[in-house]
Amino acid sequence: MKRVLVVTGGGDCPGLNAVIRAIVKRAGQEEGWEVLGSIQAFDGVLKNPTEIMLLDNAAVAGIHVRGGTIIGTTNKGGPFNWPIKNDDGTWSSVDRSDEMLLNLKNMGIDAVINIGGDGSQRISQALFEKGCNIIGVPKTIDNDLSGTDFTFGFQTAVQIATEAVDKLVTTAASHNRVLILEVMGRFAGWIALHASVAAGAEVCLIPEIPYDIEKIVDRLNKRFVNGKGFAIIVVAEGAKAKGGNMVYEKSDVPGYLNLRLGGAAYKLMHELKDAGLEAEMRETVLGHLQRGGIPTANDRILATEFGVKAFEMVLEGKFGEMVSYRHPKIVSVPLSEAIDKYNFVKQSSALVKTARGVGISFGD
C-alpha cells in the first residue's frame, strides 16, 4: 500500500475541502493508494501521539461545498520553527524537520501534498531540499503567490468584498456619507482592485500605489454638492500614504511569525478629517468574513483541478514542484520559482488601466 499525506497550512481559505476531495477521488482510481490527512498542517505529524486522519470517499463526501478544511490548519510554528516554552516563561523555537521526516518514513508516507500559500510553499521547498517527496498546491485569498495566474479562494474573497460594497452603497447614498471598506490582501492589492472595479468604487487604495491624501480629498469633494452626495473607498489592509507606513502590529502569539495588518480604514478616515474633508464618514473592516463560507463555483472548479493535478504529479514523481494555473492549462512549476518573488499588482496591468479608464482614483 502506497500512502500520500495531505496537509493544509496557513490561513483557512474557501476551496481547501474541494482540493482534498479531488485528491481522494483521483487516488481512488489507482490501485494500492491510501490518502491520509495531517491535522492542523504538519502539527499532526509532530504531535505525540500523532494526529492523522484517513481520507477516504466517506470522509470527503460532499465537502467541496464547505468552506474551511476538514483536517484543520494553522499559521503558527511548523517543522522548522516549532514553538517551545522555556523554563523562565519565555518562548523560543526549535527545528524539528529531521524528526518530522523520520516520522513520515516510519508512517510509510511515499509523498506529501502541501496545500498552502507563500509561507507554506517555502516550507515545501525547504523540506524538498532535505529529501522529502513533496508537491505544493497554491492557496491564498490574497492571490499573492507567483508562479500561478490565480489561486483558489481569491474569487470567493472578491465576491464577498464586492457584495459588501454593494450593500454599503445604499447606506452611503441614504446618509450622504463616505464609507470606507477595508479588505484583506496583506502586501498585495488584488482583492481591493478587483472588488473596486466590480462594484464601482470611487477610490481604490492598494499597497503598490502609495496615496496622496490631498488628491483623495479633492476627488471626494467632487462627489458632494451642497453637502449631498456619497462615495465608497475600498482600501487594502496594506495600503499607505506617500512617505507613510502600513498599519500593523507584531503578534505575541507563540509561533506566529507574520505581521498582523489592520487599521488602514480607521487611519485613512482620520487622515481625511485632518486634511479638511467635511463629509461624514464611517469605516467597515471586512476582516475574516472574506475567508469563510461557501466557495464560489469558480473556486470549486479551480480547486478540483488543482487536486487532480497534484495527485497525478505524485504518480509522475514531479516532486519539488507546485501545481499552477497558466490560462487555460493546469501545469506545474518548480517550487523555487513559485516562491522566488511576491505577486504584486503592477501599475501597468490591464485591470489597473481599466480601473483608471472608468474613473477610479488610486489617490496618486
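Using the 10 angstrom Cβ neighbour count as an exposure proxy, how do Thr90, Thr151, Thr50, Thr156 rank, fewest first?
Listed from fewest to most nearby Cβ atoms, that is Thr90, Thr50, Thr156, Thr151.
Scanning residues 5 or more positions from Val235 or on other chains, those with amide H under 5 Å from its amide H are Leu181, Glu182, Val183, Leu205, with H placed 1.01 Å from N in the peptide plane. Net charge dipole, the chain: roughly 700 debye, given to the nearest 20, about the Cα centre with Cβ charges of +1 for Lys and Arg and -1 for Asp and Glu. The label-point distance for Lys167 and Lys215, in a model that sets each label 7 Å from Cα toward Cβ, rounds to 3.2 nm. Projecting label points 7 angstrom from Cα along Cα→Cβ for Lys105 and Glu316 puts them 2.9 nm apart. Rounded, prolate or oblate for the stretch 77-171? Axes are the square roots of the Cα gyration tensor eigenvalues, ordered a ≥ b ≥ c, and the cut-off for rounded is a/c under 1.5. Here the stretch 77-171 falls in the oblate category. Converting phi to 3J(HN,Hα) with the Karplus coefficients 6.51, -1.76 and 1.60 and the offset θ = phi - 60°, the stretch 264-279 yields 5, 5, 5, 5, 4, 4, 6, 5, 5, 4, 5, 7, x, 5, 8, 4 Hz in sequence order, with x at every glycine or proline. When a/c reaches 1.5 or more, the comparison of a/b and b/c decides; with that in mind, is the stretch 1-64 rounded, prolate or oblate per its Cα gyration tensor? Judged from the Cα gyration tensor, the stretch 1-64 comes out oblate (a/c at least 1.5, b/c at or above a/b). Here the Karplus relation 6.51 cos²θ - 1.76 cosθ + 1.60, evaluated at θ = phi - 60°, turns the backbone of the stretch 348-358 into coupling constants of 8, 5, 4, 6, 5, 5, 5, 4, 5, x, 9 Hz, with x for every Gly and Pro.
Working note: 222 nm ellipticity from helices only, DSSP H runs with n ≥ 4, each -39,500 (n - 2.57), summed and divided by the residues of the chain, gives -10500 deg cm²/dmol to the nearest 500.
By how many degrees, 0 to 90 and rounded to 10, does the Cα axis of helix 190-199 deviate from the longest principal axis of the chain? That works out to roughly 50 degrees. Of the residues Ala279, Asn298, Ala310, the one whose Cα sits farthest towards the positive end of the charge dipole of the stretch 271-332 is Ala310 (charges of +1 on Lys and Arg Cβ, -1 on Asp and Glu Cβ, taken about the Cα centre). Return the FRET efficiency for the residue pair Met1, Glu129: r is the Cβ-Cβ distance, R0 is 35 Å, and the value is rounded to the nearest 0.05. Given R0 = 35 Å and the Cβ-Cβ separation, E is 0.80. To the nearest 10 degrees, how steeply does helix 97-106 sit against the main Cα axis of the chain, on a 0 to 90 scale? The two axes meet at around 50 degrees.
Can you tell me the orientation of helix 118-129 relative to the chain, as the angle in degrees between its alpha-carbon axis and the longest Cα principal axis, to the nearest 10? The angle comes out near 30 degrees. When the chain is treated as a Gaussian network with alpha carbon springs shorter than 10 Å, the biggest mean-square fluctuation among Val137, Val169, Val234 belongs to Val169.
A full extension of the chain between Leu54 and Tyr342 corresponds to an added length of 100.2 nm, given 0.36 nm per residue minus the alpha carbon distance. What shape does the chain have by the C-alpha gyration tensor, where a ≥ b ≥ c are the square roots of the eigenvalues, rounded means a/c under 1.5, and otherwise prolate means a/b greater than b/c and oblate the rest? The shape class here is prolate.
Can you tell me what share of the DSSP beta bridges in the chain is antiparallel? A percent to the nearest 5 is fine.
Approximately 35 percent, going by the DSSP bridge assignments.
Values in this text are rule-based calculations from the coordinates and carry no lab data. From a predicted model like this one, the values you see are computed outputs, not experimental measurements. No Cβ is skipped: glycine too gets one built from the backbone with ideal geometry, and neighbour counts run over all protein chains shown.
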